[in-house]
Protein chains: 2
Amino acid sequence: MTKFMDVHHDMRGVTEKQLQEAHRADLAVEREEGVHFERAWADPSSGTVYCLSEGPSKEAVQRVHTRAGHPADEIHPVPLTVS
Amino acid sequence: MTKFMDVHHDMRGVTEKQLQEAHRADLAVEREEGVHFERAWADPSSGTVYCLSEGPSKEAVQRVHTRAGHPADEIHPVPLTVS
């Protein structure tokens, strides 16, 4: 399992409710792809959304987002983490 | 206080040790700017590093990164979070 950070551009004006609904749509299908979406952060003014997930592959992460109706524009494996 | 996600490009080949050292360099000066760097994630193969912080402004976040020797290429306030 690898961690992934994916990025959605063009989400200008996204509201907290829309972000929660999008996250719930991911959670509803993620198990079938072996993915788990952990957190998401949004900048409504630039329209950027970042999602942190864990899963078997970039393709699996994208399949979840696509099935949920919002494919990501970029997906990066992030094998290194500090906290 | 606002949360910020900043992005560094051009960090290809970054190692876990370098990421930890960069994070420590931020932690060493962040208090003077009222910023706290919470986590960072790196993709050594594309050279992308994401840092999540909390602080009073984008400029304060950038001052910490600049003083630590690694100014960010993008800084986005991320007022909305889901988890």
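FYI, it's all coordinate maths here, none of it is from the lab. Model, not experiment: these values are computed from the prediction. Using ideal geometry, Cβ is built from the backbone for each residue, glycine included, and neighbour counts are taken over all protein chains shown.
Observations on the structure shown:
- Shielding of B:40-48 by partner chains, average beta-carbon count, 10 Å: 6
- Over the protein assembly as shown, equivalent-ellipsoid semi-axes from the Cα gyration tensor in Å: 27, 19, 12
- A:ASP73 long-range amide H proximity, modeled H, under 5 Å: A:VAL7, A:HIS8, A:HIS9
- Dipole size of the stretch A:2-77 about its Cα centre, with +1 on Lys/Arg Cβ and -1 on Asp/Glu Cβ: approximately 100 debye, rounded to the nearest 20.
- Projecting label points 7 angstrom from Cα along Cα→Cβ for B:THR15 and A:GLN18 puts them 4.4 nm apart.
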